[in-house]
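Single-structure report; data block below.
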Amino acid sequence: MIDAKYESYDPILKIPKDLKAPMYHVLGNHEFSVSSKRKASIPSLLKMPSKYYSMKVNSYRFLALDGNDVSFHAYEKGSEEFVAAEKYYEAQKKKLAKYNGALGVTQMKWLTDQLKSAESLKEEVILFCHFPVYPQNHHNLWNDKEVKALLQKYSCVKAYINGHNHKGNYAESSGIHFVTMKAMVENVEPTFSILELSKTKIVIKGFGAEESREFILP
């Protein structure tokens, strides 16, 4: 939504007020490019039900993930959460991009429960997260392999859609389509996508620099 400063939200949030469709947010790293004391207020400012949540429409279950769950940018420096991120980062024993983050233990448990429920109800699942998990890339979540391994256990998972890597990306693994959308900020023309979903396929209609794709569901 913004690139820097809390005050930048004001003019941006006025724009979608005339939308005739509901609007849902997925938190990225730039949403927290505000002063430390403002960071905790961002989800409520965006009227989010929580930092991560689920939503059902017909036979689809959409899961919005919080890739800032364990991170340096979403919390005030010196806070309990910031210190926990430092310990997590150090425990990885390898150099990772500090502008990424990870799904924490509680969120991973929630995600597991959501996938089990969707599988039992024969729902199709599409996940949205700001950070990618596949293919391998320096923009990926710190625990990308753990998240991907969990998703691959459930046949209900059809797609994982993310941003963060401005150039975009795509790969398929175990029947799951991992789509990194291109960044609007990198293009002179409006760049976005519309997804059309049915029980048999996912159609991505790309506009601007974003390409169109079609995935036939098994």
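If I filter the range 53-74 down to residues being part of a loop (DSSP other than H, G, I, E, B) and more than 18 Å from the chain's Cα centre (by Cα), which single residue comes out as nearest to Ser120 (Cα to Cα)?
Ser59
Contact list please: Cβ distance under 7 Å, first residue in the range 28-57 and over 22 Å from Trp110 (Cα atoms) and small (Gly, Ala, Ser), second residue crowded, with 18+ Cβ neighbours inside 10 Å and at pLDDT below 95, pairs at least six apart or on different chains.
Ser33/Ile2
Considering only the range 54-86, state which residues are buried (at least 16 other Cβ atoms within 10 Å of the Cβ), hydroxyl-bearing (Ser, Thr, Tyr), in contact with an Asp or Glu (Cβ under 9 Å, 6 or more places away or on another chain) and closer than 27 Å to Leu197 by Cβ.
If the condition is that a residue be buried (at least 16 other Cβ atoms within 10 Å of the Cβ), hydroxyl-bearing (Ser, Thr, Tyr), in contact with an Asp or Glu (Cβ under 9 Å, 6 or more places away or on another chain) and closer than 27 Å to Leu197 by Cβ, then Tyr60 is the only one that fits.
Looking at the range 165-206, which of its residues are over 24 Å from Ala97 (Cα atoms), of a type in the set (A, V, I, L, M, F, W, C) and touching an Asp or Glu at 6+ places or on another chain (Cβ under 8 Å)?
Once the filter is applied, which keeps residues that are over 24 Å from Ala97 (Cα atoms), of a type in the set (A, V, I, L, M, F, W, C) and touching an Asp or Glu at 6+ places or on another chain (Cβ under 8 Å), the range 165-206 yields Phe192, Leu197, Ile202, Val203, Ile204.
Of the residues Lys122, Lys158, Lys93, which is modelled with pLDDT under 95 and not in a helix (DSSP H, G or I)?
Lys93
Could you tell me which of the residues Thr200, Thr180 is in contact with a Phe, Trp or Tyr (Cβ under 9 Å, 6 or more places away or on another chain) and either exposed (fewer than 13 other Cβ atoms within 10 Å of the Cβ) or polar (S, T, N, Q) (or both)?
Thr180
Okay, residues lined up against (1) small (Gly, Ala, Ser); (2) under 26 Å from Ala21 (Cβ atoms); (3) free of Cβ contacts under 8 Å to residues at least 40 places away in the same chain:
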| position | (1), (2), (3) |
| --- | --- |
| Val157 | no, yes, no |
| Gly163 | yes, yes, no |
| Lys167 | no, no, yes |
| Phe178 | no, yes, no |
| Lys182 | no, yes, yes |
| Asn187 | no, yes, yes |
| Phe192 | no, yes, yes |
| Glu196 | no, yes, yes |
| Phe207 | no, yes, yes |
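Could you list, in sequence order, the residues of the range 4-26 that are farther than 21 Å from His73 by Cα and of a type in the set (Lys, Arg)?
Lys14, Lys17, Lys20
The values are calculated or read from the model by the stated rules, or taken from the named source; none is laboratory data. Everything numeric in this text was worked out from a predicted model, so none of it was measured. A quick note on method: Cβ atoms are made from the backbone with ideal geometry, for glycine too, and the neighbour counts reach across all protein chains shown.
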